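Computed from the coordinates by the stated procedures, all read-outs in this text should not be read as laboratory data. What you see is a predicted model; the values in this text were computed from it and never measured. Here the Cβ positions follow ideal geometry from the backbone for every residue, glycine too, while neighbour counts run over all protein chains shown.
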Amino acid sequence: EREEAMDECRRLDNDFRKLKTKFGQEQQYHKAALQRSKMLEKTANELATLARQQKAQLKLTNERFAAGEAENKKLEATISEMKAVIQTLRQSSDNTEEILQKANKDIQEALNEANSMIEDLKAQLNTKDAHVLQLQKQNEDLQHRINVKEKVLEDRAAEGE
């Protein structure tokens, strides 16, 4: 009986050591998983910050675009006023031809200037459109990276269970 009891003690001691080793390994695994989780959370926070910054930049671009549209409307109003002045000059002047030539020249200059400004605004708009598309692409890329990192985190959490 004593021999059986000693064998039982050795078996229990062996089982205890195995469980202790396995527990230590589990602790290390959970510690590593926690560190990875913290790193992924930090990365997600950084990506969220970057997304907020890009959203603010997009808002600023939209505000600039709106200001350009307002300037364009002012130019259109100025052109309309000049056309009205020409009409008045046509109706009220004895010296119509000379005045019309000067007015036409002034209007042509104003139209050329307005067209130049409109072309500049169109170029700015195209640049801003390209920038908006770039920001949208970056936001999509960031969302994809976040989704991938979340999937990795979920997979690791599932492995830990």
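Numbers at a glance
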quantity: Summed residue charge, Cβ within 15 Å of residue 71's Cβ, Lys/Arg positive, Asp/Glu negative; calculated: -1
quantity: Over the chain: helical MRE at 222 nm, DSSP H runs n ≥ 4 each giving -39500 (n - 2.57), nearest 500; calculated: -37000 deg cm²/dmol
quantity: All aspartates and glutamates inside 14 Å of residue 151 as judged from Cα atoms, apart from same-chain residues fewer than 8 positions distant; calculated: 41, 159
quantity: Cβ-defined net charge surrounding residue 84, 14 Å radius [Lys, Arg +1; Asp, Glu -1]; calculated: -1
quantity: Rounded tilt (10° steps) of 2-92 against the dominant C-alpha axis of the chain; calculated: 0
quantity: Spherically averaged projected area in nm², based on the convex hull that wraps the Cα atoms of the range 34-81; calculated: 2.7
quantity: Set of the range 139-161 residues, backbone N closer than 20 Å to the point 7 Å along the Cα-Cβ line of residue 25; calculated: 156-161
quantity: ³J(HN,Hα), Karplus 6.51/-1.76/1.60, whole Hz, each residue of the range 124-138, x for Gly, Pro; calculated: 4, 4, 4, 5, 5, 4, 5, 5, 4, 4, 5, 5, 5, 4, 4
quantity: Length-normalised contact order for the chain - Cα pairs under 8 Å, 6+ apart - percent; calculated: 39
quantity: Estimated FRET transfer efficiency when R0 is 35 angstrom, pair residue 156-residue 136 (beta carbons, to 0.05); calculated: 0.70
quantity: Note, ³J(HN,Hα) from phi for the range 143-150, Karplus 6.51, -1.76, 1.60, rounded to Hz, x at Gly and Pro; calculated: 4, 4, 4, 5, 4, 5, 5, 5
quantity: Calculated SAXS-style log₁₀ I(q)/I(0) at q = 0.10, 0.18, 0.19 Å⁻¹ - the range 2-160, Debye, Cα scatterers; calculated: -0.70, -1.08, -1.12
quantity: For residue 125, net neighbour charge (Lys/Arg +1, Asp/Glu -1) across residues whose Cβ lies under 13 Å away; calculated: -2
